[in-house]
Amino acid sequence: MTKQNLYTFRRIVFLVIPTLILLFVLIYISAKNLFPEEAAETGNISATDIPALTVEPTAVPERNGKVRLVVYHTHNDEAFYKGKQKYTESVMGRTDNSEYNVMRLGKDFANSLNKSFDVTHDEANNMSNGFNYAYDTAYENEKKYCGIKDVFVDIHRDAYSGENPNYAQKNSSEYALIKFVVANGSNFDKNPDWQKNKEYADKITKELNKLVPGVASEPVFKDYRFNQHLGEVCLLAEIGNEKNTLTQARNSAKLLAEAFNNVASDGWWK
């Protein structure tokens, strides 16, 4: 090896390679901050992260025979398989465009509920303070409905975990899979009525599978709270995942409303 080649080799070893390693570390740290892991969506949240209920309504309106329901989204930007759709992703599988994220599903769900429901679709941006504070922000935005609404439905999309296929089919229509998450409020001072939440999650899951066999899995339990103490019945519905098309997810949002309508026709509060 010539002196010139040896000099070049030493420059690569002692200057270029450490620089590349440092650059890789910086890129990795930045990526971790920009792209929160989907697993965090299961709710790594402590008992002090959400304040206890402090707002009590001055007057509780009459039900007038209707189920008073609010639909909202803790993670507004959760989206689906983009394909050739023309919208901007904030990161892969997420967008602030409400026509392509879970807010579109909330609109479809709310619009498909029948006159048994006094429904509000709250489009507040619960991601405004960042992903890690979304449940805190959602609590602050949704607590105004405490005592005003009986039923809270938080619509999310799940993270893909290898289901194949990851949809159910009936006739020529495809439906993203649906799953309810029931939180028991472990380690919180104010606990959800998880037994009632599970009762209704079970009712709607059963009805969904009557409508489209296999579309809904059994509700899962988590040792968190997910704001499921806001009302008499609080449901967290995960519709599809980032591998589902928006059409599959929208079909399931409308199907979910059909299941709610059917349960209401049997007497919601039985």
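The values are calculated or read from the model by the stated rules, or taken from the named source; none is laboratory data. Computed from a predicted model, the values in this text were never measured in an experiment. Here the Cβ is made from the backbone with ideal geometry for all residues, glycine too, and neighbour counts use every protein chain on show. For the accessible areas, the whole protein counts, side chains as well, though only heavy atoms, and no ligand, DNA or RNA atoms are used. Shrake-Rupley method; radii C 1.70, N 1.55, O 1.52, S 1.80 Å.
Taking the stretch 232-245 as the range and being out of contact with any Pro (no Cβ under 8 Å at 6 or more places or on another chain), within 16 Å of Ile148 (Cα to Cα) and either of a type in the set (A, V, I, L, M, F, W, C) or buried (at least 24 other Cβ atoms within 10 Å of the Cβ) (or both) as the test, only Val233 passes. When every residue of the stretch 260-270 is checked against the conditions, at least one turns out to be open to solvent by 10 Å² or more (accessible area, probe 1.4 Å), among the β-branched types (Val, Ile, Thr) and either touching a residue at least 24 places away in the same chain (Cβ under 8 Å) or outside any helix (DSSP H, G or I) (or both). Ala183 meets all of the listed conditions (1) open to solvent by 20 Å² or more (accessible area, probe 1.4 Å); (2) under 23 Å from Glu232 (Cβ atoms) but one, namely (1).
Quick check on the stretch 214-225: of everything there that is open to solvent by 10 Å² or more (accessible area, probe 1.4 Å) and touching a strand residue (DSSP E or B) at 6+ places or on another chain (Cβ under 7 Å), which residue is farthest from Ala176 (Cα to Cα)?
Quick first cut of the stretch 214-225, residues open to solvent by 10 Å² or more (accessible area, probe 1.4 Å) only: 214, 216-224.
Cutting the leftovers down to touching a strand residue (DSSP E or B) at 6+ places or on another chain (Cβ under 7 Å) gives us 214, 216-217, 219-222, 224.
Numbers: Gly214: 10, Ala216: 9, Ser217: 11, Pro219: 16, Val220: 17, Phe221: 21, Lys222: 22, Tyr224: 25 Å.
That would be Tyr224.
Please go through the stretch 145-179 and pick out each residue that is in a strand (DSSP E or B), over 19 Å from Arg104 (Cα atoms) and free of Cβ contacts under 8 Å to residues at least 60 places away in the same chain. Once the filter is applied, which keeps residues that are in a strand (DSSP E or B), over 19 Å from Arg104 (Cα atoms) and free of Cβ contacts under 8 Å to residues at least 60 places away in the same chain, the stretch 145-179 yields Ala168, Gln169, Lys170.
Working carefully through the options Ala159, Ala79, find the one that is surrounded by fewer than 21 Cβ atoms within 10 Å (Cβ to Cβ) and of a type in the set (A, V, I, L, M, F, W, C). First the steps, then the outcome.
Working: Ala79 fails: surrounded by fewer than 21 Cβ atoms within 10 Å (Cβ to Cβ).
When all the criteria are applied, what remains is Ala159.
Determine, yes or no, whether Tyr100 is aromatic (Phe, Trp, Tyr), in contact with a strand residue (DSSP E or B) (Cβ under 9 Å, 6 or more places away or on another chain) and modelled with pLDDT under 95. Show your work before the answer.
Values: aromatic (Phe, Trp, Tyr): yes; in contact with a strand residue (DSSP E or B) (Cβ under 9 Å, 6 or more places away or on another chain): yes; modelled with pLDDT under 95: no.
Considered against the rule, which asks whether it is aromatic (Phe, Trp, Tyr), in contact with a strand residue (DSSP E or B) (Cβ under 9 Å, 6 or more places away or on another chain) and modelled with pLDDT under 95, Tyr100 comes out as no.
Scan the stretch 186-204 for residues that are assigned to a helix (DSSP H, G or I) and open to solvent by 10 Å² or more (accessible area, probe 1.4 Å) and jot them down.
Initially, the stretch 186-204 is screened for residues assigned to a helix (DSSP H, G or I), giving 194-204.
The answer is Trp194, Gln195, Lys196, Lys198, Glu199, Asp202, Lys203.
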